[in-house]
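First the structure, in the form of structure tokens, and then the observations on it.
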Amino acid sequence: MNYRFNTQRLSMRLIQQGDFDIFVQLYSDPKTMRKICAPFEPQQIKQFFETAIQNNLTSIKQSWVWVIEHNNQAIGLQSLFAQNNQSNHADIGIMLLRQYNGKLLAEEATVGLINFGFSTVKFERIYAQYDSSNYATHRSTQKLGFIIEQPKAVSADKKSTKDKTQYISSYVTAEIWQKSLPNHINTC
């Protein structure tokens, strides 16, 4: 199976050993991580990178991490993880270097990844989960036809109940995706 795919402006390839720098840039940047979790420590980044490489190399594919390239330069990462309890459902994630935000590249990469997930891997449902204060992600998922499930309040510190973050879980199904995606967005 070919795990490379392209959109009009972007190229996606599975991460390789030489891609550690993009992990460091994204996962250690407080501004990039502010809506996800605390920035990772160097050891956490190294461990996550090594796990992602190993997952990409296994013959039984359950999770993938791609480098997003624009003009042959790494600009971000995106992932697709099969859910443990529903093998035909997946979770999607994307992170771009800050200088590439606001140029519709995240949406384009997401469209490419969803198309890959539905057409190549044959997932039936793809989820996006995000902090409710992440307005850019909220707008993008709404534009792409994701359906919002009930928001969940999760405490950043399990012992504390006063600092709760609302997470939104939304999904799109293969059937909805094929019927509702505007042609001008589907650049794959």
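The values are calculated or read from the model by the stated rules, or taken from the named source; none is laboratory data. Remember, predicted model here, so these are calculated numbers, not experimental data. All Cβ positions, even for glycine, are placed from backbone atoms using ideal geometry, and neighbour counts span all protein chains on display. Please note that ligands, DNA and RNA were not included when accessible areas were found on the heavy atoms of the full protein model with its side chains. Shrake-Rupley method; radii C 1.70, N 1.55, O 1.52, S 1.80 Å.
What the table below lists for this structure:
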| read-out | value |
| --- | --- |
| Lone qualifier among Gln78, Gln43, Gln54 - being among the polar types (S, T, N, Q) and under 26 Å from Arg9 (Cβ atoms) | Gln78 |
| Residue among Phe48, Phe123 that is buried (at least 19 other Cβ atoms within 10 Å of the Cβ), modelled with pLDDT of 90 or more and outside any strand (DSSP E or B) | Phe123 |
| Unique residue being touching a strand residue (DSSP E or B) at 6+ places or on another chain (Cβ under 7 Å), open to solvent by less than 10 Å² (accessible area, probe 1.4 Å), at pLDDT 95 or above and β-branched (Val, Ile, Thr) when the list is Ile92, Ile68 | Ile68 |
| Pick from region 51-64, criterion in contact with a strand residue (DSSP E or B) (Cβ under 7 Å, 6 or more places away or on another chain) and either open to solvent by 10 Å² or more (accessible area, probe 1.4 Å) or without any contact (Cβ under 8 Å) to a residue 40 or more places away in the chain (or both), ranking: farthest from Ile22 (Cα to Cα) | Gln62 |
| Among (1) open to solvent by less than 60 Å² (accessible area, probe 1.4 Å); (2) in contact with a Phe, Trp or Tyr (Cβ under 9 Å, 6 or more places away or on another chain); (3) not in a helix (DSSP H, G or I) - the single one Phe81 does not satisfy | (1) |
| Meets criteria (open to solvent by 70 Å² or more (accessible area, probe 1.4 Å), in a helix (DSSP H, G or I) and not β-branched (Val, Ile, Thr)) for Gln43 | yes |
| Unmet criterion (only one of (1) over 21 Å from Gln178 (Cα atoms); (2) acidic (Asp, Glu); (3) open to solvent by 30 Å² or more (accessible area, probe 1.4 Å)) for Asp131 | (3) |
| Pairs where the first residue, in region 12-23, is under 15 Å from Leu57 (Cβ atoms) and the second is not in a helix (DSSP H, G or I), C-beta under 6 Å, 6+ apart | Arg13/Arg4; Arg13/Val67; Leu14/Tyr3; Leu14/Trp66; Ile15/Val65; Ile15/Val67; Asp19/Val67 |
| Among the candidates Ser11, Ser87, residue that is closer than 25 Å to Tyr167 by Cα, surrounded by fewer than 19 Cβ atoms within 10 Å (Cβ to Cβ) and of a type in the set (Gly, Ala, Ser) | Ser87 |
